[in-house]
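Shown next, in structure tokens, is the structure this report addresses.
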Amino acid sequence: MNKDQQTIKELITRARKAQEIAESFSQRKVDELAAAIIYKLSRPEIARELAVECVDETDIGNVESKVAKLTQKMPAVFYQIKTQKTVGVIEENLEMGIQKIAKPLGVIAALVPSTNPEATPIFKGVLGLRARNAVIFAPHPVSKQTTVKVTDIMRDVLEKNGAPKDLFICIDTPSKSLSQELMAQADITMATGSGDMVKAAYSSGKPAYGVGAGNAVVIVDETADLLDAAEKIAIGKTGDNASGCSAENSLVIHESIYEDLLRLLQEQGGYLVTPEEKDKLEGAMWVDGHLSRDIVAKPVDRIASQAGINIPDETRFLMVKETGIGKEYPFSGEKMSLVLTIYKYSEFDEAIEKVNKITQYSGLGHSCGIHSNDDDHILKLALNTKTTKVIVRQPHGAANSGNWFNGLANTFSLGCGTWGGNIVSENVTQKHYMNTTWVARPIDRKPASEEEIFGDLLKSVVLA
């Protein structure tokens, strides 16, 4: 047994001992613990302290967005899940003689990305706790201090309320090899992070819930309320300096409203780069074919400065006109930065084709959006794209992971279906953090007749 294996084995042993105690917790007990953790970490003073330290440590995102995640998003997550049963009998169907009983998964390996080290451990920790699991966090090396501090706060809440603090453990000297070993020894992995780590989770030999890469494409058609669309696009694009996978990456705009929308986006703080500036920006953003860490979730003035572009003081994000899609056109891919790619279309089928080509190149299965008041267009987009979510008339970056203004599950883990190499095609939420035992009792049901089974479905088919 090597050093990494021994280190993780010791953490797993501690976590299992704590998890065995948690198995006896009542629904009320886990709900009280979860509520205490969310309440503690959503206090404005604590949230701001964590946000400031996070940005100082990682140089990713911005303080106000991170404060909002802790003070607004996390309470919304808890509000949505608090009535969902996670202990004992959670569902009954007397007519069918079925009972469902919730059981823990065990010890969860929770990968924590550098783009969201302040909120992801709370989300995975609380959902894991409510289902009576233990959670071991594997932070990204560049954000370990933030994740360790958040974990320590949650451990303190557990201890003060009579629960074993080792229900939450954080690797304090993270490395890729330790994360891989954790995934191999834990019962299941909740993977959020780089594509390489998600792939490693799926190949660890243990079950895993992974997420796919984002590259949100948003259509704006000729029926849209353009001012409303521009305002919402700016909100979605600029949240946490576009560190999230759901931030608007490309717009596909109908030709009849193209110029008007660009003008409104400029009024919202968008700066439209010239062709010469576009070349400079591309050179600064992609180094040896890879997206530069020096621009990911950085303030827009720093991106412009690195590219040698002069921008107005009120600029919030950059806009780049594009026509091509694919490897030779890097602006068509995920950028995780305050840079928005702009396309034009003539017919709606062309817009759908662009969405499909862009997501096929980058972000397949994740999501797309539309600003439209044409229900036929909305449904046609949903029917003809390989995306797990279509966000309608909302700020995509703020809506895709759930919000008060839509009915999606509030989450920090977004499944992309088999298109994105994931097992789930929905937002990962409480139900994914527990096993279920089905109790099936006999019912008084006679076999259906052949007519009841087939009806008229065989009238027009050829039977061999």
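Here are the numbers:
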| read-out | value |
| --- | --- |
| Helices (runs of 4 or more DSSP H) contained entirely in region 1-103, each with at least 1 residues that are out of contact with any His (no Cβ under 9 Å at 6 or more places or on another chain) and hydroxyl-bearing (Ser, Thr, Tyr) | 3-22, 27-41, 63-68, 74-81 |
| Residues within region 150-177 that are open to solvent by 10 Å² or more (accessible area, probe 1.4 Å), within 28 Å of Lys40 (Cβ to Cβ) and not in a loop (DSSP other than H, G, I, E, B), tallied | 10 |
| Helices (runs of 4 or more DSSP H) lying entirely in region 318-435 (those with 3 or more residues that are at pLDDT below 95 and either surrounded by fewer than 21 Cβ atoms within 10 Å (Cβ to Cβ) or touching a Lys or Arg at 6+ places or on another chain (Cβ under 9 Å) (or both)) | none |
| Given (1) of a type outside the set (Lys, Arg); (2) within 30 Å of Gly88 (Cβ to Cβ); (3) part of a strand (DSSP E or B), index of the condition Thr192 fails | (3) |
| Residue count for region 216-231, restricted to those that are under 19 Å from the mean Cα position of the chain (by Cα) and either free of Cβ contacts under 8 Å to residues at least 24 places away in the same chain or closer than 20 Å to Ser65 by Cβ (or both) | 2 |
| Region 74-97, subset open to solvent by less than 30 Å² (accessible area, probe 1.4 Å) and under 18 Å from the mean Cα position of the chain (by Cα), residue nearest to Ala297 (Cα to Cα) | Met74 |
| Scope region 199-216; condition in a helix (DSSP H, G or I), open to solvent by 10 Å² or more (accessible area, probe 1.4 Å) and either within 24 Å of Pro104 (Cα to Cα) or of a type in the set (Asp, Glu) (or both); matching residues | Ala200, Tyr202 |
| Residue list for region 1-28, filter: under 22 Å from Met74 (Cα atoms) and either in contact with a Ser or Thr (Cβ under 6 Å, 6 or more places away or on another chain) or in contact (Cβ under 8 Å) with a residue 40 or more places away in the chain (or both) | Gln27 |
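The values are calculated or read from the model by the stated rules, or taken from the named source; none is laboratory data. Only a predicted model underlies this, so the values are computations on that prediction, with no experimental measurement involved. Quick reminder, even Gly has a Cβ in these numbers, built from the backbone with ideal geometry, and neighbours come from all protein chains shown. Heads up: the accessible areas ignore ligands, DNA and RNA and are worked out on the full protein's heavy atoms, side chains in. Shrake-Rupley method; radii C 1.70, N 1.55, O 1.52, S 1.80 Å.
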